[in-house]
Structure formats: structure tokens, C-alpha cells
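The numbers here are math on the coordinates, done by the rules we state, and not lab data. Because the structure is predicted, anything quoted here is derived from the model rather than measured. Cβ placement follows ideal geometry from the backbone for every residue including glycine, while neighbour counts extend to all protein chains displayed.
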Amino acid sequence: MPASLPCYSPTRAAFATPTTIARPRRTPRRPSITNSPPRPLEQAWAQPSSCSGCARCAAPRLQLYFAPTRLGGETNMSTEETLAHHQESLESGDLDAVMSDYANDSVVITPDGPLRGLSEIRQLFDKILNDMLPPGSEHELLSQEIVGEVAYTVWRGESENFNILMGTDTFIIRGGKIVCQTFAAQILPKGAFKSIRPKRD
């Protein structure tokens with residue numbers, strides 16, 4: 001037998017890999033093309049007038065499309081409610097209610113450095129409510145902006161011992177808790193202007 005031809009073996013033939021048969025490729029179906037102009041995205045999501053309520057046009061799809069983003073878009077009501085509770089608790093002087101707005105790992109950043117955890121944050125508000133702005137002090141909210149989970153406030157206050165010409169806070173609120181806050185204020189003790197005011201004859 002010539003060397004170029006392989007030997008035939010029944011055993012090899014039984015376990016040999018079958019020859020692959022080439023099949024003609026199927027032409028994919030093309031979507032139907034209409035002459036109607038493309039609709040805006042919000043119209044494309046809307047339920048057609050002829051639909052009687054199929055699963056494709058169900059309401060959850062509309063809710064998903066119009067859902068607000070975490071940053072930007074519509075206001076997150078949880079952020080607004082938590083901020084309102086925080087301000088009411090400060091004005092009433094309820095320290096426990098103030099601390100209920102913070103999580104165990106919350107951080108408050110002040111000009112003197114960051115405060116981490118409930119214990120350090122509680123010491124700050126204990127000083128504020130008992131010394132700087134006790135209950136009954138004047139507190140005026142000058143500006144407030146809420147975008148998603150971020151809130152920004154500008155305020156002023158006055159107590160028996162201090163004048164706060166301007167204070168500003170930035171909050172990051174998630175799940176009804178203030179997870180991060182920055183605080184800065186221009187605080188002057190009462191009578192601080194007496195030494196610089198000119199004396200009148």
C-alpha cells in the first residue's frame with residue numbers, strides 16, 4: 001500500500017470524529033421599516049391608544065423611565081424630610097432627636113477637623129445646644145438647595161452670648177441618615193464690636 005494513503009481500521013472508523021457538514025447560512029430577518037418619523041423617547045415609552053393594558057405597556061416601565069436620579073433631576077423626598085427633621089430638632093434643642101439623623105459611621109467636617117462617629121458628633125451638638133444656640137435662640141434660614149441626596153443651607157443665628165453672622169452646611173443624606181456633613185460659621189461673642197466702635201462725644 002502506498003505510504004501516502006492512511007491505513008483503514010474498523011476501530012478507528014468507529015471512534016472517528018464525524019465530518020462536519022457545511023450548512024447554508026440563514027439570512028436574518030430585518031425589522032419592518034415604516035415611513036413614520038421617529039418619536040421622542042418619552043412618547044416611545046407611552047402606552048399606545050389602541051393598547052388595552054398588555055405586559056409590554058405596563059406602568060412600571062413608565063415609573064422606571066421617570067424615576068429621579070441620585071444626583072440631579074427631581075428632589076429626593078427622603079433628603080428633604082430628613083433635613084426638615086434635623087432643623088426642627090436643632091430649634092427645639094432635642095439632642096437625642098438631632099443624633100437620630102446620623103449613622104454610626106457618619107462624618108462631620110468642621111474647620112477644626114473631622115468628627116467621626118456618633119460620640120464625637122454628639123459632643124459637638126451638645127456644645128451648640130447648651131452654649132452657642134440654646135433653645136429660644138434666633139435662627140434664620142437664608143437659603144436652602146436640595147439636589148438628589150445633597151443638601152446645602154445658609155443660615156444665621158443669635159443667642160444671648162453669640163452672634164452667628166453666617167453659617168453654612170452641606171449634607172449628604174442616604175437612607176434617611178446624614179452620612180457626611182460640612183459645617184462652617186462666622187461666630188462672634190456678644191459685645192465683640194464694642195472695642196472697635198468709635199466712641200461718640
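Here are some notes:
- For SER89, the requirement of being surrounded by 12 or more Cβ atoms within 10 Å (Cβ to Cβ), polar (S, T, N, Q), out of contact with any strand residue (DSSP E or B) (no Cβ under 7 Å at 6 or more places or on another chain) and touching a residue at least 12 places away in the same chain (Cβ under 8 Å) is met.
- Whenever a residue of region 104-128 is in contact (Cβ under 8 Å) with a residue 24 or more places away in the chain, its partners that are assigned to a helix (DSSP H, G or I) and small (Gly, Ala, Ser), lying with C-beta atoms within less than 7 angstrom and at least six residues away or across chains, give the pairs ASP105/GLY117.
- Of all residues in region 138-165, those that are assigned to a loop (DSSP other than H, G, I, E, B), small (Gly, Ala, Ser) and either more than 22 Å from GLU80 (Cβ to Cβ) or free of Cβ contacts under 8 Å to residues at least 24 places away in the same chain (or both) total 1.
- Scanning region 99-116 for residues being in a loop (DSSP other than H, G, I, E, B) and more than 21 Å from THR79 (Cα to Cα) gives a total of 2.
- Matching entry among ALA97, ALA151 (being surrounded by fewer than 15 Cβ atoms within 10 Å (Cβ to Cβ) and touching a helix residue (DSSP H, G or I) at 6+ places or on another chain (Cβ under 6 Å)): ALA97
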